[in-house]
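The values are calculated or read from the model by the stated rules, or taken from the named source; none is laboratory data. Computed from a predicted structure; not experimentally measured. Ideal geometry is used to build each Cβ from the backbone, glycine not excepted, and the neighbour counts take in all protein chains shown.
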């Protein structure tokens, strides 16, 4: 009797673990399929002419440089807008805040912002920045809308980074007579910088891939914007339009591959920074 | 940190102000060097190539082209956001009194396409209407195999849809269960892959991956479109508010010139408006 | 540094949340920091507070602008008719979004049924089953999956998945089935990351106790760890649901966009998110207002999800 139970116990265990392995394999397999498919179909497109050329012709032949410039421009601008506000907000939450209704509200608001469907954010950007303030379709309108999307992410990662700084470092600083701000600005933040930078870069990767937010704030015109008041077409929007028209699939694959590489680049850079800082922190 | 934030705020403020003054500058009518052309996705390829060639000939002038749908194009020229609104459909009755001036720039036929493996080759206009209204929902109803029809429609922004609705359905309603796709190429690629699919696209985009049906006994060719015997055809329009302004006129004349008409329009699969046209 | 030394008691940490800086806490008579420094610290503190409130301002602004542009449709058609009307035919004045709501729910629930077990399984794998080297491979893979833009998912669904579904199941390949597969893969990283965190925060002692009693790994996972991490996993699933219901780009390319309730899982359908992206290019007047109305509904739905997570967490903590 006992050995039958043991056999069934072991059998269930093996089967269940097999299923769990299967889950992991399916997940990794899904990633692999998507990446492989895009790489295989897109790699042929990655010529310098494609990356640095302009689209022309009936079917958008040529290159996608204006979309690359638009993407980099709006992402950088959004980063510049979000980072100071998010860091200072996180400093408040981590160092100054008293647990109470205000802090609860702020956290609820941050979580809500993080969960807003991006198309709602896009319509918000349209109503508030493009039409409301009258910026028209422009890089700055898109950057502002994107920054609302990035704010909760950077706030959260910065707050965690600040909290991860050991308390004894602060005590040492206060013990030497520093004010709170001096401690925060000269001790805590510098020590948390790698993690903060990681958070910013990861959120930038998210911003670079946004479609719905940008299409209603930056427009769809092929343009390489120089001033932030100009419109442009970012890579995800270009991919969407190419896919919808369905006429120039090779260019679509090329755009998809470049976009994935860009986001991958952001992700890998962020990891690299964390890994390097971890090594540095090990004594 | 605070300084950086202040700088960011100042930067935004300066840019916002400069943009507003920039707007004022444009409104006071400095010589126009930038033309905005918005509208039909069908006309988009012609407009874009023409814009490129125009810019090559006049490097100081730029034409910005966007393809958002015929209705959006008409609306944007009415409210002044664009100089030229392109449309692959005629004006609706309520749009006729808005003071728009029409310059036709090409003919286009709408082909009804099916998968190459579909044995059906020819239909009447009324059969097509019944299919797209949903009354006939199986291929055996028109002499084909016993399979449900995979109906593919265009989005409501599409001028092609509008024109098809007017010419074939006579204003009747499309089957709401039909798949709604936002682009010509998508319709074509879906029909090319699914044996039971049927859709409609501009004749210019028909290629070897799909089969265009003969309608009422007339096959869609450039000749049958130009002489009017093919039943499902339409005019492609450039609309302006009132007579075209000087820059618009230059661009429109360029589009009507032989360089564009005989080469680009034909290459896009449309029929030139002038030579040999009605 | 400062111009005059304050004197807090050594070894007494200044906790965040207590009165701000080591001023005056050591009592009168001792020299405090200069007035300029005090003012500066106070100004800075308020500046940070303002920054933190930007998040609140953001939510308020979204409500304000989208609501202002969308509310006329509620006034015109009536909230009941808008939310409960089953016909969405804007060009004929029908603005009922009930069909869209139902479709969004159908898509989301199906995606969860497929994706949640997959995600929790992956989380269990990462937390309990995988060896360190395998973990180093799989966890970055999951994070990468999270980073892929939704338009790329949609594109992939359009060019690879849809033709396969069409070939295998007939029809056009659009519909709930295709959407479920794509959405499920998209929400796996979200649910897996949070579930893994929840599992990891279960103390090791509990695992050891379970093994000590002779339980197999699976028994430990199923009867001890998963129940212990239940709150976190539920949070993760709600978050995944929120993400799925708000997804636009991936869905619009594979759903087929017919404004009806699909009769079958291979028939085209339209959701709350895809209606906006399909109609916005040409919508005017009441139609445009109605789309903003849909956006407000979506926003409220997403906030309900966020509130539910907080509620579940709080309930979980109280029950212990």
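Of these, B:218, B:235, B:255, B:210, which one is in contact with a helix residue (DSSP H, G or I) (Cβ under 6 Å, 6 or more places away or on another chain) and surrounded by fewer than 19 Cβ atoms within 10 Å (Cβ to Cβ)? Just one listed residue meets the conditions, B:218.
Counting only helices (runs of 4 or more DSSP H) that sit wholly inside the stretch C:56-156, those with at least 3 residues that are within 13 Å of chain A (Cβ to nearest Cβ) are C:98-124, C:132-147, C:150-156. Identification of helices (runs of 4 or more DSSP H) wholly contained in the stretch C:224-320 with 2 or more residues that are farther than 30 Å from residue C:170 by Cβ and either at the interface with another protein chain (Cβ under 9 Å from one of its Cβ atoms) or at pLDDT below 90 (or both) yields C:230-245, C:286-319.
Among the residues here, residue B:176 does not qualify as surrounded by fewer than 24 Cβ atoms within 10 Å (Cβ to Cβ) and more than 19 Å from residue C:252 (Cβ to Cβ).
On the basis of being in contact with a helix residue (DSSP H, G or I) (Cβ under 8 Å, 6 or more places away or on another chain), under 25 Å from residue A:252 (Cβ atoms) and at pLDDT below 90, does residue C:161 make the cut? Against the criterion (in contact with a helix residue (DSSP H, G or I) (Cβ under 8 Å, 6 or more places away or on another chain), under 25 Å from residue A:252 (Cβ atoms) and at pLDDT below 90), residue C:161 does not qualify. For the stretch A:206-238, the set of residues classified as more than 10 Å from chain B (Cβ to nearest Cβ) and free of Cβ contacts under 8 Å to residues at least 24 places away in the same chain consists of A:226 only. In summary, residue B:97 fulfils each of the numbered conditions (1) under 17 Å from the mean Cα position of the chain (by Cα); (2) without any contact (Cβ under 8 Å) to a residue 12 or more places away in the chain; (3) within 20 Å of residue B:236 (Cα to Cα) with the single exception of condition (1). Quick one: is residue B:71 surrounded by 14 or more Cβ atoms within 10 Å (Cβ to Cβ), modelled with pLDDT under 85, away from chain A (no Cβ under 11 Å) and within 22 Å of residue A:130 (Cβ to Cβ)? So residue B:71 passes the test.
Yes/no per residue for (1) closer than 21 Å to residue C:248 by Cβ; (2) under 19 Å from the mean Cα position of the chain (by Cα); (3) buried (at least 21 other Cβ atoms within 10 Å of the Cβ):
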| residue | (1), (2), (3) |
| --- | --- |
| C:117 | no, yes, no |
| C:123 | no, yes, yes |
| C:132 | no, no, no |
| C:140 | no, no, no |
| C:144 | no, yes, no |
| C:153 | yes, yes, yes |
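For the stretch B:174-189, state whether one or more residues are in contact (Cβ under 8 Å) with a residue 24 or more places away in the chain and under 13 Å from residue B:114 (Cα atoms). Yes. Between A:87, A:34, A:25, the distinction of being outside the structural domain of residue A:187 (by TED's automatic domain parsing), modelled with pLDDT of 90 or more and either under 30 Å from residue A:170 (Cα atoms) or crowded, with 21+ Cβ neighbours inside 10 Å (or both) belongs to A:34 only. How about the stretch A:239-283: which of its residues are surrounded by 15 or more Cβ atoms within 10 Å (Cβ to Cβ), without any contact (Cβ under 8 Å) to a residue 60 or more places away in the chain and not in a helix (DSSP H, G or I)? If the condition is that a residue be surrounded by 15 or more Cβ atoms within 10 Å (Cβ to Cβ), without any contact (Cβ under 8 Å) to a residue 60 or more places away in the chain and not in a helix (DSSP H, G or I), then A:246 is the only one that fits. Does residue C:268 fit the bill of being surrounded by fewer than 21 Cβ atoms within 10 Å (Cβ to Cβ), out of contact with any helix residue (DSSP H, G or I) (no Cβ under 9 Å at 6 or more places or on another chain) and assigned by TED's automatic domain parsing to the domain that holds residue C:162? No; evaluated as a whole, the condition is false for this residue.
On the stretch given as the stretch C:157-172, residues that are under 25 Å from the mean Cα position of the chain (by Cα) and facing chain A (nearest Cβ under 7 Å) total 1. Within the stretch A:166-177, identify whether any single residue is buried (at least 18 other Cβ atoms within 10 Å of the Cβ) and under 29 Å from the mean Cα position of the chain (by Cα), and answer yes or no. Looking through the stretch A:166-177, none of the residues is buried (at least 18 other Cβ atoms within 10 Å of the Cβ) and under 29 Å from the mean Cα position of the chain (by Cα).
Checking A:158, A:217 one by one, the residue that is modelled with pLDDT of 90 or more, more than 30 Å from residue A:37 (Cα to Cα) and assigned to a loop (DSSP other than H, G, I, E, B) is A:217 and no other. Evaluate the stretch B:245-252: report whether one residue or more is at pLDDT 80 or above, within 14 Å of chain A (Cβ to nearest Cβ) and surrounded by fewer than 17 Cβ atoms within 10 Å (Cβ to Cβ). No, the stretch B:245-252 has no match at all. Taking the listed residues B:146, B:108, B:155, B:102, the one that is in contact with a helix residue (DSSP H, G or I) (Cβ under 8 Å, 6 or more places away or on another chain), away from chain A (no Cβ under 13 Å) and surrounded by fewer than 24 Cβ atoms within 10 Å (Cβ to Cβ) is B:146, with no other qualifying.
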